[in-house]
Structure formats: C-alpha cells, structure tokens
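The values are calculated or read from the model by the stated rules, or taken from the named source; none is laboratory data. Every value quoted in this text rests on a predicted model; they were computed, and no experiment measured them. Note: ideal-geometry Cβ built from the backbone for every residue, glycine included; neighbour counts use all protein chains shown. These accessible areas exclude ligands, DNA and RNA; they are computed on the full protein's heavy atoms, side chains included. Shrake-Rupley method; radii C 1.70, N 1.55, O 1.52, S 1.80 Å.
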Amino acid sequence: MKNKIRVAIVGVGNCASSLIQGIEYYKDNSDIIGLMNYDLEGYKPGDIEVVAAFDVDKRKVGKDVNEAIFAKPNNTTIFEKDIKNNGTFVKMGKILDGISDHMKLFPEDRAFIPSGEEPCDIVKELRDSNTDILLNYLPVGSEDATRFYVECCLEAGVAFINNIPVFIASDEKWAQRFKDKGLPIIGDDIKAQLGATITHRTLARLFRDRGVKLDRTYQLNTGGNTDFSNMLNKNRLRSKKISKTESVQSQLETPLDAENIHIGPSDYVPWQNDNKVCFLRMEGRMFGNIPLNMELRLSVEDSPNSAGVAIDAIRCCKLALDRKISGPLIAISAFTMKHPPVQYPDTVAKEMVRMFICGRENDKEIISYLNNEEKVPNK
C-alpha cells in the first residue's frame with residue numbers, strides 16, 4: 001500500500017479550493033470523468049493529503065484549510081460541499097510582493113485583506129508536518145514571495161511544484177540547487193486541462209503540421225476572479241506574458257515577430273467570477289497562398305481547469321521522490337506547465353509522461369527516441 005502524499009499549499013485561493021474539492025470528489029467516486037489518470041502507479045486522488053497551508057488573508061488565516069477554501073474572496077464553483085475539517089490550519093505566511101497595492105481599491109469580497117498576525121516559521125511548519133511537496137498558488141507577479149518559499153523548501157528538504165509564472169524550474173541555477181539537494185521540482189506556470197494556452201498551442205501546431213503559414217494571432221482573456229483583478233497591475237504581468245507567448249511560439253517552425261502575436265490577459269469583468277472567457281484569432285495562408293482565418297471563443301471555469309492537471313503533477317512528483325529522482329522533471333513539466341525547462345509538442349510530452357509513470361525514464365532506447373524529437377529549451 002502506498003503512503004499518503006503529504007502536500008503543503010501556499011495561497012489558499014480558488015485553485016487550492018478546486019484542488020481540495022477534487023481530492024474529496026474523486027476519493028470514493030467511480031465516475032472518473034475529468035481525470036487524465038485515476039490510478040497513477042498506485043496513487044489515487046484520495047491519497048493526496050493537505051498537511052500544511054499558508055495564506056495572508058485574515059478571513060483564512062487560523063481556519064481549517066477545508067473551511068478556508070470557501071472564504072472570500074474565493075468565488076470558484078463549489079462542486080463538493082461536504083468536506084470535513086482535517087485539522088490542518090492555515091498559518092500566516094509572508095506577504096512580501098504577494099499583494100498588489102491596487103487591490104485596496106476593490107470591495108472587500110473582491111480583494112485580499114491582510115491579516116495582522118506575525119508570519120509563522122515556514123521551514124519549521126514544513127518540517128513538523130513532514131511535507132513531501134509544496135504547491136505554489138501565489139498571485140501572478142509574486143516574484144519575491146515565490147523565491148522566499150523556494151528557499152524554505154530547499155532548507156526543509158521539500159519538493160516544489162511551481163504553478164505560477166515565476167521562472168524557477170526553468171532557471172538553470174534554481175534547477176541545479178534542487179538537484180544538489182536531491183529534490184524534484186516541476187514548473188513553471190501550470191497549463192489548464194483544456195484552457196486558452198493549451199488550445200492555442202494545439203491550433204498553432206495544427207497550422208504547422210497541415211502546411212498552413214500562421215501570419216498573426218491574438219489571445220484575449222477576461223475573468224472575474226482575483227487572478228484577473230490582480231493582473232490589472234501591468235507591472236505584474238511580464239513573466240506571465242513571456243510564459244504564455246513562448247508556450248505558443250514553441251509550436252511554430254519560425255517564431256512570429258512580436259508585433260504579430262499578442263497573448264495575455266485582457267480585462268477584469270467582476271460578474272464573471274471564476275469563469276474565464278478566451279477569444280482567439282489566427283490568420284494564415286494555405287495552398288496557393290490563399291488567406292484563411294480562424295476565430296474561437298472558449299468559456300471555462302478557470303480554477304477546476306488547472307486542478308485537473310495539478311492532481312497529476314502532484315502524483316508524478318511523489319513518484320520522483322519515491323524513486324530518488326531530483327532536479328527539474330522534464331517530462332512532467334513539459335506536459336503540465338506553460339514554461340517548462342524544455343518545450344516539447346504536447347503529444348510527445350504525453351508519451352514522455354507515460355514512460356516516466358511506467359519507470360522507463362532512464363531507458364536508453366527512449367532517450368534516443370526523444371533526442372530525435374523536436375525540443376525547444378526555454379530562455
């Protein structure tokens with residue numbers, strides 16, 4: 001029998017809410033719709049256990065994590081109401097750059113309200129809870145805060161899954177530090193199960209594979225959760241735009257000039273809550289140099305969309321811990337993240353993950369096969 005996967009969460013927002021609801025929803029549920037893998041080498045969704053949690057909002061700090069996930073400003077869909085308190089209380093984290101000043105202008109139900117408590121000793125909490133993996137769900141733009149929690153992981157001996165666009169796993173220096181510590185890391189910036197960027201990537205690849213020249217494209221997104229209100233501060237968007245843009249550009253034979261590709265958040269629409277609407281347009285030329293264009297509108301509940309991917313990333317990370325694999329997990333990152341250390345086409349990344357799960361990541365024949373496949377190192 002496998003041990004439980006002991007995870008800690010920093011940022012008890014909508015994404016954490018959807019993940020924790022999902023762990024409970026699939027625990028005794030024979031309906032496995034929405035999962036890419038139900039049984040992942042013996043690990044099932046119900047084997048994930050949240051043993052530590054950190055936040056800075058006064059409505060969450062001090063509450064059981066299973067209660068805090070329903071506190072404001074969270075506004076994602078509740079699909080699993082009956083979750084018992086598990087005795088893991090949300091501890092006060094470090095704010096650093098985790099809250100943008102402009103959020104003070106929003107109504108309380110739409111903004112973060114900092115707690116006046118002193119930050120806890122994060123390293124001690126991770127050690128005392130015997131955490132295996134820390135999940136980063138901080139707001140976009142939390143560069144300093146993310147690096148602080150990464151240092152805590154390295155000191156406490158905890159693996160790290162970086163779900164936001166701060167470049168850690170895809171940074172050679174950080175990646176090497178995890179390798180030196182014997183710890184796996186997955187990152188950076190989680191892909192949705194079926195969201196804007198994965199759809200855009202797939203269509204860009206389709207254009208290329210079918211001999212259609214993509215000339216220009218945009219991806220515009222609107223939403224009403226704290227992710228979108230936080231990103232109204234354009235100064236917090238640099239790494240987000242890089243992550244999303246490079247993810248799509250990596251699927252093209254020749255990257256588009258900057259003026260011909262625009263990918264990024266567009267606007268905050270409060271009444272959308274956790275619903276995200278994506279507008280895609282792609283213009284190109286086909287046989288005979290004849291022009292074509294494609295427009296697509298995608299509407300998804302944003303946070304459950306990422307939870308469907310996170311639940312696999314967590315279990316793959318635990319397999320790496322079990323197998324004493326350290327450093328950036330290339331296959332898992334390529335499949336689950338927008339800005340992994342190395343970009344692969346999604347079909348190739350999926351096969352790499354299957355090989356990893358089966359324990360064949362060191363197979364010489366497989367490595368030779370993958371080395372002949374197209375790959376693009378991220379900057």
Problem set entry | Residues that are among the charged types (D, E, K, R), touching an Asp or Glu at 6+ places or on another chain (Cβ under 7 Å) and either open to solvent by less than 10 Å² (accessible area, probe 1.4 Å) or under 24 Å from L203 (Cβ atoms) (or both), drawn from the stretch 294-334 | E301, D302
For this session: Could you tell me whether I69 is crowded, with 16+ Cβ neighbours inside 10 Å and hydrophobic (A, V, I, L, M, F, W, C)?
Result: yes
Exercise. D274 fails exactly one of the following numbered conditions: (1) touching a strand residue (DSSP E or B) at 6+ places or on another chain (Cβ under 6 Å); (2) over 28 Å from S333 (Cβ atoms); (3) of a type in the set (D, E). What is the number of that condition?
Worked result: (2)
Problem set entry | Selection from the stretch 266-290 of residues that are touching a Gly at 6+ places or on another chain (Cβ under 8 Å) and assigned to a strand (DSSP E or B) | Y268, N275, K276, V277, C278, M286
Problem set entry | Residues satisfying the stated conditions in the stretch 15-52, i.e. of a type in the set (S, T, Y), closer than 18 Å to I332 by Cα and not in a loop (DSSP other than H, G, I, E, B) | Y43
Problem set entry | Those residues of the stretch 36-51 which are touching a helix residue (DSSP H, G or I) at 6+ places or on another chain (Cβ under 7 Å) and in contact (Cβ under 8 Å) with a residue 40 or more places away in the chain, in sequence order | M36, N37, L40, E41, Y43, P45, I48, V50
For this session: For the stretch 82-102, indicate whether the set of residues that are open to solvent by 40 Å² or more (accessible area, probe 1.4 Å) and among the polar types (S, T, N, Q) is non-empty.
Result: yes
For this session: Return yes when G327 is at pLDDT below 95 and of a type outside the set (S, T, N, Q) and no when it is not.
Result: no
Exercise. What about M294, is it aliphatic (A, V, I, L, M), at pLDDT 95 or above and farther than 21 Å from D227 by Cβ?
Worked result: yes
Problem set entry | Selection count where residues are of a type in the set (G, A, S), at negative phi and surrounded by 15 or more Cβ atoms within 10 Å (Cβ to Cβ), scope the stretch 1-45 | 6
Exercise. Within the stretch 74-81, is even one residue of a type in the set (D, E) and open to solvent by 50 Å² or more (accessible area, probe 1.4 Å)?
Worked result: no
Exercise. On the given criteria, is R205 modelled with pLDDT of 95 or more, over 30 Å from L321 (Cβ atoms), open to solvent by less than 70 Å² (accessible area, probe 1.4 Å) and not in a strand (DSSP E or B)?
Worked result: yes
Exercise. Would it be correct to say that L183 is touching a residue at least 40 places away in the same chain (Cβ under 8 Å), under 14 Å from the mean Cα position of the chain (by Cα) and over 29 Å from Q251 (Cβ atoms)?
Worked result: no
Exercise. Do we find a residue being in contact (Cβ under 8 Å) with a residue 12 or more places away in the chain, open to solvent by less than 10 Å² (accessible area, probe 1.4 Å) and farther than 27 Å from F70 by Cβ anywhere in the stretch 130-150?
Worked result: yes
Seminar exercise, completed: Within the stretch 230-267, restricting to residues that are crowded, with 18+ Cβ neighbours inside 10 Å and of a type in the set (D, E, K, R), the one that is farthest from G98 (Cα to Cα) is E246
For this session: Kindly provide the set of residues from the stretch 301-335 that are part of a helix (DSSP H, G or I), among the polar types (S, T, N, Q) and in contact with a Leu (Cβ under 9 Å, 6 or more places away or on another chain), ordered by number.
Result: S303, N305, S306
